[in-house]
Amino acid sequence: MSKDEILRRLRDSVVNLDIEGVKKACEEALANGIPPIKALTEGMARGMDIVGQKYEAKEYFLAELIMSGEVMKEGMKILEPHIKEADVKSLGRIVVGTVKGDLHDIGKNIFANLLLAAGFDVIDLGANVPAEQFVETVSKHKPRILGLSALLTITMLELENVIKELEKAGLRSKVKVIVGGAPLTEDYAKRIGADAYAPDAVAGVNICKKWVK
Ligand code: B1M
């Protein structure tokens with residue numbers, strides 16, 4: 001089977017909510033030398049985009065959204081150990097998380113995995129993280145970068161709140177802030193005082209690498 005065919009299978013397994021199919025396609029991707037990051041971003045993540053379109057078109061409903069998240073996570077369980085195997089030096093510490101009110105963590109997890117693969121020391125606070133927890137973690141662990149993810153139009157507002165809380169705690173000038181997530185724009189990131197906006201996880205990691213070099 002060609003590499004393109006395997007990537008298509010990864011995509012379609014997510015769209016068809018097929019856990020066994022995605023596991024098999026992930027194994028095939030690894031066996032055929034497809035880099036795990038590519039399997040994630042050019043395979044499974046493409047499937048998630050289609051799931052989102054189907055949800056908007058009312059072909060899929062909440063149950064399918066939940067299931068697609070599970071399918072993607074099962075695939076990531078297979079790919080993740082191969083991403084972390086990368087033998088690289090630490091580029092410094094970075095704290096990441098999805099903001100309060102937002103349970104979407106798949107994109108943030110991809111970003112965190114790519115950061116690990118690039119050699120960052122990653123503290124992942126998970127999803128639905130209150131501003132106070134971001135502030136406490138920055139204060140305690142003194143990361144060079146804070147990465148905030150938001151997937152809902154409504155939780156975009158929370159990004160600004162986290163930045164304001166960092167300012168209040170006197171920490172804003174000590175940490176670079178990068179924001180990402182489907183509803184965000186470069187313009188919005190500037191308006192709320194973030195240092196950078198990443199349209200996707202790969203671009204995000206490249207920005208972080210530039211900052212620490
Ligand atoms: Co929800 N959801 N969801 N959902 N969901 C979206 C986001 C939505 C666009 C679907 C739609 O209507 N088309 C829509 C948001 C509309 C809006 O506000 N604009 C939506 C909705 C409405 C909801 C609920 C409100 C549904 C409901 O309850 N009625 C609800 C909200 C729950 C909550 O958070 N409080 C909800 C729930 C869920 C599930 C929990 C069921 C599940 C999430 C499971 C999980 O994450 N563990 C889910 C899913 C799966 C989706 C879709 C289908 C897929 C999201 C995803 O994982 N994409 C999504 C539609 C879509 O986005 N196509 C949708 C794949 C992922 C790789 O992409 O997260 O964009 P993404 O990440 C990218 C980049 O954005 C970037 O890098 C990643 C890879 O390149 N990136 C960063 C992300 N964060 C970054 C941070 C960075 C750098 C880059 O630096 C810090």
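³J(HN,Hα) across segment 63-74 via Karplus (A = 6.51, B = -1.76, C = 1.60, θ = phi - 60°), whole Hz, x for Gly/Pro?
3J(HN,Hα) across segment 63-74, in whole Hz: 4, 6, 4, 4, 4, 5, x, 5, 4, 4, 5, 4.
Which value, in Å², gives the accessible area per residue of the chain when a 1.4 Å probe is used on the protein heavy atoms?
So the chain comes to 51 Å² accessible per residue, rounded to a whole number.
Given axes a ≥ b ≥ c from the Cα gyration tensor, I'd like to know whether segment 93-212 is rounded (a/c under 1.5), prolate (a/b larger than b/c) or oblate.
Note, shape of segment 93-212 comes out rounded.
Which pairs, out of LYS24/LYS100; LYS38/LYS168; LYS3/LYS58; LYS140/LYS190; LYS168/LYS190, put more than 29 Å between their alpha-carbon atoms?
Checking Cα-Cα distances, LYS24/LYS100; LYS38/LYS168; LYS3/LYS58 exceed 29 Å.
Using the per-residue mean of other Cβ atoms lying within 10 Å as a proxy for protection, in what order, highest first, do the peptides 171-179, 27-35, 105-113 fall?
Descending mean neighbour count gives 105-113, 171-179, 27-35.
Compute for segment 147-213: radius of gyration divided by Kirkwood radius, i.e. Rg/Rh, restricted to C-alpha atoms, rounded to two decimals.
0.95
When a/c is below 1.5 the answer is rounded, else prolate if a/b is larger than b/c, else oblate, so apply that to segment 3-86 with a ≥ b ≥ c taken from the square roots of the Cα gyration tensor eigenvalues.
Judged from the Cα gyration tensor, segment 3-86 comes out prolate (a/c at least 1.5, a/b above b/c).
Mean-square fluctuation check for the chain, GNM, Cα pairs under 10 Å: which of ILE78, ILE154, ILE123 is largest?
In this elastic network of the chain, the residue with the biggest mean-square fluctuation among ILE78, ILE154, ILE123 is ILE154.
If amide H atoms are built 1.01 Å from N in the plane of the peptide, which residues on other chains or at least 5 residues away come under 5 Å of the amide H of ILE123?
Under 5 Å from the amide H of ILE123 lie the amide H atoms of ILE94, VAL95, VAL96, each far enough along the sequence or on another chain.
How far, in degrees from 0 to 90, does helix 3-15 lean away from the longest principal axis of the Cα atoms of the chain, to the nearest 10?
80
Probe radius 1.4 Å, ligands and nucleic acids ignored: give me the carbon and sulfur share of the accessible area of segment 3-86 as a rounded percent.
It is 50 percent, rounded to a whole number.
Using a 1.4 Å probe on the protein chains only, how many percent of the accessible area of segment 90-213 belongs to carbon and sulfur?
Summing carbon and sulfur atoms, their accessible area is 53 percent of the total for segment 90-213.
With the radius of gyration and the Kirkwood radius both derived from the Cα set of segment 59-136, what is their ratio Rg to Rh?
Across segment 59-136, the Cα-based Rg/Rh ratio is 1.04.
Show that you can apply the helix-only estimate: for the chain, add -39,500 (n - 2.57) for every DSSP H stretch of four or more residues, divide by all residues, and state [θ] at 222 nm to the nearest 500.
After summing the helix terms and dividing by residue count, I get -17000 deg cm²/dmol.
Report, to two decimal places, the Cα Rg of the chain normalised by 2.2 N^0.38 Å (N = number of residues).
Compared with the compact-globule rule of thumb, the chain sits at 1.03.
Return the sequence-ordered ³J(HN,Hα) values of segment 151-157 in whole Hz as given by the Karplus equation 6.51 cos²θ - 1.76 cosθ + 1.60 applied to θ = phi - 60°, using x for Gly and Pro.
3J(HN,Hα) across segment 151-157, in whole Hz: 10, 10, 4, 5, 8, 4, 5.
The values are calculated or read from the model by the stated rules, or taken from the named source; none is laboratory data. A quick note: this is a predicted structure, and the numbers were derived from the prediction, not measured. Methodologically, a virtual Cβ is constructed for each residue, glycine included, from the backbone with ideal geometry; neighbour enumeration extends over all protein chains shown. Areas reflect the complete protein model, heavy atoms only, side chains present, ligands, DNA and RNA absent. Shrake-Rupley method; radii C 1.70, N 1.55, O 1.52, S 1.80 Å.
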